[in-house]
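Enquirer: I have a structure I would like to understand better, so I am pasting it below and will then ask my questions one at a time.
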Amino acid sequence: MTEQQPYAIDRSFDDFELRRYPEHILVQVTVDGDFLRAGNLGFRPLIGYISGRNADATRIPMTAPVTQEPIGEHTHTVSFVLPEGTDPSSVPVPIDAAVTTIAVPAGRVAARRFGGGWTDARFEHNGELLRVAVERAGLQMIGNLYFARFDPPWKPGFLKHNEALVRVEDQ
């Protein structure tokens, strides 16, 4: 079973959960392409990194979710979350210059769950619903909306678990 990124629920709203995530480490790559193409292009170098294509030849277990953040009209950052408890000082250096690692501080995140296959329209729609709900709740968003995929591509769409997320200020 794939380890999932841990979090605690601070509060549940009708349209989303307000979560608290602990400090964690991301391995990420920024790629060009539409939403679905970028997700596919970003996955390859990241799976290579955790499969041992790093300076230490260390294999790292796959975790869920895989996240994707649109940072431009046709540019996306795709990330894997490293396993809980990974020591930032022991993270292997990537061999691929396009792959980076980043320590993310603990923080609050608004999350909206949704199911179904991976279409950019589905992700955009749920991202907009989350943005509106967060504003209605009086929370201040920090940064861009991003999206999480929890399932392998071969899982039937009606069984897939996806999320729209955004960091929010502590209050």
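The values are calculated or read from the model by the stated rules, or taken from the named source; none is laboratory data. Quick caveat: nothing in here was measured; it's all calculated off a predicted structure. Neighbour counts run over all protein chains shown; Cβ positions are idealised from the backbone, glycine included. These accessible areas exclude ligands, DNA and RNA; they are computed on the full protein's heavy atoms, side chains included. Shrake-Rupley method; radii C 1.70, N 1.55, O 1.52, S 1.80 Å.
Enquirer: For the subset of the range 9-20 comprising residues that are out of contact with any Ser or Thr (no Cβ under 8 Å at 6 or more places or on another chain) and crowded, with 17+ Cβ neighbours inside 10 Å, which member is nearest to residue 136 (Cα to Cα)?
Expert: The residue in question is 16.
Enquirer: Name every residue in the range 81-106 that is of a type outside the set (Val, Ile, Thr), surrounded by 12 or more Cβ atoms within 10 Å (Cβ to Cβ) and closer than 15 Å to residue 21 by Cα, in order of residue number.
Expert: Selection gives 82, 83, 84, 103.
Enquirer: Here's a follow-up. How about the range 42-56: which of its residues are aliphatic (A, V, I, L, M) and surrounded by fewer than 17 Cβ atoms within 10 Å (Cβ to Cβ)?
Expert: Within the range 42-56, 47, 55 qualify.
Enquirer: Applying the selection to the range 112-142, what residues are assigned to a strand (DSSP E or B) and at pLDDT 95 or above?
Expert: Within the range 112-142, 112, 113, 114, 141, 142 meet the criteria.
Enquirer: Further question: Tell me, please, whether a residue that is open to solvent by 60 Å² or more (accessible area, probe 1.4 Å) and either under 18 Å from residue 164 (Cβ atoms) or touching a Cys at 6+ places or on another chain (Cβ under 8 Å) (or both) can be found in the range 21-41.
Expert: For the range 21-41, residues open to solvent by 60 Å² or more (accessible area, probe 1.4 Å) and either under 18 Å from residue 164 (Cβ atoms) or touching a Cys at 6+ places or on another chain (Cβ under 8 Å) (or both): present.
Enquirer: Identify the single condition in (1) outside any loop (DSSP other than H, G, I, E, B); (2) open to solvent by 50 Å² or more (accessible area, probe 1.4 Å); (3) not acidic (Asp, Glu) that residue 109 does not satisfy, given that it satisfies every other one.
Expert: (2)
Enquirer: Scan the range 135-171 residue by residue and report those that are open to solvent by 60 Å² or more (accessible area, probe 1.4 Å) and of a type in the set (A, V, I, L, M, F, W, C).
Expert: If the condition is that a residue be open to solvent by 60 Å² or more (accessible area, probe 1.4 Å) and of a type in the set (A, V, I, L, M, F, W, C), then 142, 154, 158, 159 are the ones that fit.
Enquirer: Looking at the range 143-165 only, could you name the residues that are in contact with a helix residue (DSSP H, G or I) (Cβ under 8 Å, 6 or more places away or on another chain) and part of a loop (DSSP other than H, G, I, E, B)?
Expert: Residue satisfying the conditions is 151 alone.
Enquirer: Starting from the range 154-167, take each residue that is closer than 25 Å to residue 133 by Cβ and of a type in the set (Asp, Glu) and list its partners that are crowded, with 16+ Cβ neighbours inside 10 Å and modelled with pLDDT under 95, counting only C-beta distances under 8 angstrom and pairs at least six apart or across chains.
Expert: 163/150
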